[in-house]
1. All but one of (1) buried (at least 22 other Cβ atoms within 10 Å of the Cβ); (2) more than 16 Å from the ligand (Cβ to nearest atom); (3) not in a loop (DSSP other than H, G, I, E, B) hold for residue 388; state the number of the condition that does not hold.
2. Among the residues of the stretch 214-228, which ones are more than 16 Å from residue 121 (Cβ to Cβ) and either more than 16 Å from the ligand (Cβ to nearest atom) or in contact (Cβ under 8 Å) with a residue 60 or more places away in the chain (or both)?
3. If you go through the stretch 43-57 one residue at a time, how many are without any contact (Cβ under 8 Å) to a residue 60 or more places away in the chain and buried (at least 17 other Cβ atoms within 10 Å of the Cβ)?
4. What residue, of 407, 400, 377, is farther than 30 Å from residue 167 by Cβ, within 16 Å of the ligand (Cβ to nearest atom), touching a residue at least 60 places away in the same chain (Cβ under 8 Å) and surrounded by fewer than 22 Cβ atoms within 10 Å (Cβ to Cβ)?
5. Consider the stretch 238-257. How many of its residues are within 16 Å of the ligand (Cβ to nearest atom) and farther than 18 Å from residue 338 by Cβ?
6. Before we move on, is residue 429 more than 18 Å from residue 98 (Cβ to Cβ), more than 16 Å from the ligand (Cβ to nearest atom) and not in a loop (DSSP other than H, G, I, E, B)?
7. Surrounded by 15 or more Cβ atoms within 10 Å (Cβ to Cβ), in a loop (DSSP other than H, G, I, E, B) and either within 16 Å of the ligand (Cβ to nearest atom) or at pLDDT 95 or above (or both): which single residue out of 366, 412, 394 fits that description?
Ligand SMILES: [Cu+2]
């Protein structure tokens, strides 16, 4: 169990570090110690080659972005743009995207960690073995405030992966199968925090969808084994070693910049199903749109969804471009004010960087967590905070190593292109009402 011994020492170190970091954060309110996302997306369209990720997938779609690495948040992606075949220019999606916090409260109330701002997530960047980035490239990352003896970590993998069917169409009479195998660009890092190793994965599909996921692996923390309080699960022989249950509440912070503009609108959609009308054949469903014009703490609900809409760009069908949120499986943790909601839209403010235990000074009385920043401001430049929780009740299979457990969500294009971005040329005239034919 050598690995665990090293990790234990590391964890102790990090506890000390976190106190220091908090103090520094409070004292240097006027001048943040780490790089900030750029405020002007249109002007910051480019970056040097070392910090650029550009991938043309074999299906014709190109994703481009810049990356940098922050002391607390770790990997930050900026100026994320999507260019499917048939589009003359890259279409900006995000000004920046990064983790907004990993909050880990234990069921017994003994501890609660903010892994990003309180526990050295950024400094825990791990070197990747060549086999961990199959077919891809491992970039070297200079870790801010990292180990002075080893500041450079081969820690950022960019690669591609097959996704399976992107579509299939044959119909009744076609003598041809229209099918395409989808391809994704993957960008990921591994950060060690205590006994855990978190994978931060961004997956950019050739159909414009972006998937954000955090995978938890590594080891359960042995010092958290507690046989007595009834809040754990026995994971050794018999009923002696109980691993204390806990939650991993992961936040993502997405600063949208659709079509290169920060002026984006937010809409919420809700559907209400009612019984069949008299003499009707089936139940009816009515979907309504609510314009979210002020900051929002949103709760997921059956048949509810949100989208961010461009105010400057339309597709070739003259429909406003947008991206909609596609939730992933979540277990909402009601223990803290900031974990009580599934999504927050806040008006962009430079100092608002972390969903909890925010280290930046936003002024007197501004609060240190995202829920406090939802205070009625008009939304003209929305930042989305997505909270995805996992209640981790350990199981025998978690030893050893612990299998990766993924949690996350997606944003999917809605009317970004006028048709399926992967439509083959032969079907390009089938837009809108088409008669069923061969
Ligand atoms: Cu866990």
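1. (2)
2. First, the residues of the stretch 214-228 that are more than 16 Å from residue 121 (Cβ to Cβ): 219-220, 222-228.
Answer for the stretch 214-228, where residues must be more than 16 Å from residue 121 (Cβ to Cβ) and either more than 16 Å from the ligand (Cβ to nearest atom) or in contact (Cβ under 8 Å) with a residue 60 or more places away in the chain (or both): 219, 220, 222, 223, 224, 226, 227, 228.
3. Looking only at that region, the number is 1.
4. 400
5. Residues flagged as within 16 Å of the ligand (Cβ to nearest atom) and farther than 18 Å from residue 338 by Cβ within the stretch 238-257 amount to 5.
6. On the way: more than 18 Å from residue 98 (Cβ to Cβ): yes; more than 16 Å from the ligand (Cβ to nearest atom): yes; not in a loop (DSSP other than H, G, I, E, B): no.
Judged against the criteria, residue 429 is not a match.
7. Values: 366 fails: either within 16 Å of the ligand (Cβ to nearest atom) or at pLDDT 95 or above (or both); 412 fails: in a loop (DSSP other than H, G, I, E, B).
That would be 394, the only listed residue that is surrounded by 15 or more Cβ atoms within 10 Å (Cβ to Cβ), in a loop (DSSP other than H, G, I, E, B) and either within 16 Å of the ligand (Cβ to nearest atom) or at pLDDT 95 or above (or both).
Here is a yes/no grid of residues against (1) surrounded by 12 or more Cβ atoms within 10 Å (Cβ to Cβ); (2) over 22 Å from the mean Cα position of the chain (by Cα):
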site	(1), (2)
101	yes, no
106	yes, yes
123	yes, no
149	no, yes
159	yes, no
169	yes, yes
173	no, yes
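The values are calculated or read from the model by the stated rules, or taken from the named source; none is laboratory data. Here the structure is a predicted model, which means the values were calculated and not measured. Every residue, glycine among them, receives a Cβ derived from its backbone with ideal geometry; neighbour counts consider all protein chains shown.
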